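Only the coordinates and a few stated rules stand behind these numbers; no lab work does. None of the values given here were measured: they were computed from a predicted structure. Virtual Cβ from ideal backbone geometry, glycine too; neighbours counted across all protein chains shown.
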Amino acid sequence: MVYQHGFYDWAAGAPVFAALLQVSLPILSQSISESVVPNQWKMAVIIPAPKVAKPTQPGDFRLIFITPVLSRSTNDISSEHIFIHLSKPHQTA
């Protein structure tokens with residue numbers, strides 16, 4: 001990431017974002033159109049983060065789930081489309 005005065009410099013990061021979008025958009029589109037979620041997107045890395053200074057039992061940990069970006073992106077896009085569809089008034093016969 002490129003930071004400038006504590007804020008993300010979107011102009012400097014734009015070429016990287018454009019390249020990532022060019023690669024990931026066809027993958028996201030195919031996943032949505034085929035209604036298939038790749039197995040790799042269903043995996044998460046779980047990191048136990050201690051809640052207290054000296055954890056001694058399982059309840060002393062908070063679980064942090066690291067999930068794939070493409071999985072989260074697909075979920076966000078799908079959720080938005082479902083919300084828009086359900087928000088529209090529908091005619092009944």
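Computed values, structure above
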read-out: Full-extension gain in nm, ALA53 to THR67, via 0.36 nm per residue minus C-alpha separation; value: 2.4 nm
read-out: Derived scalar couplings ³J(HN,Hα) [region 80-90; Karplus, 6.51 cos²θ - 1.76 cosθ + 1.60; whole Hz; x for Gly, Pro]; value: 5, 5, 5, 4, 4, 4, 6, 7, 6, x, 10
read-out: 3J(HN,Hα) from dihedral phi, region 51-59, Karplus parametrisation 6.51/-1.76/1.60, rounded to Hz, x for glycine, proline; value: 8, 10, 4, 10, x, 10, 9, x, x
read-out: Quarter of the Cα convex hull surface for region 51-93, i.e. its orientation-mean projected area (nm²); value: 5.9 nm²
read-out: Amide proton proximity set for PHE61, modelled H, under 5 Å, gap of 5+; value: LYS51
read-out: Cα pair distances of region 19-93 binned at 10 Å [whole percent]; value: 15, 30, 23, 19, 10, 2, 0
read-out: Region 30-43 - phi-based ³J(HN,Hα) in whole Hz, Karplus 6.51/-1.76/1.60, Gly and Pro as x; value: 5, 4, 5, 5, 8, 6, 10, 10, x, 4, 4, 6, 8, 8
read-out: For region 10-49, the spread of Cα positions along each principal axis, largest first, Å; value: 37, 33, 10
read-out: Within-13-Å neighbourhood charge of ASP60 [Cβ basis; K, R +1; D, E -1]; value: +3
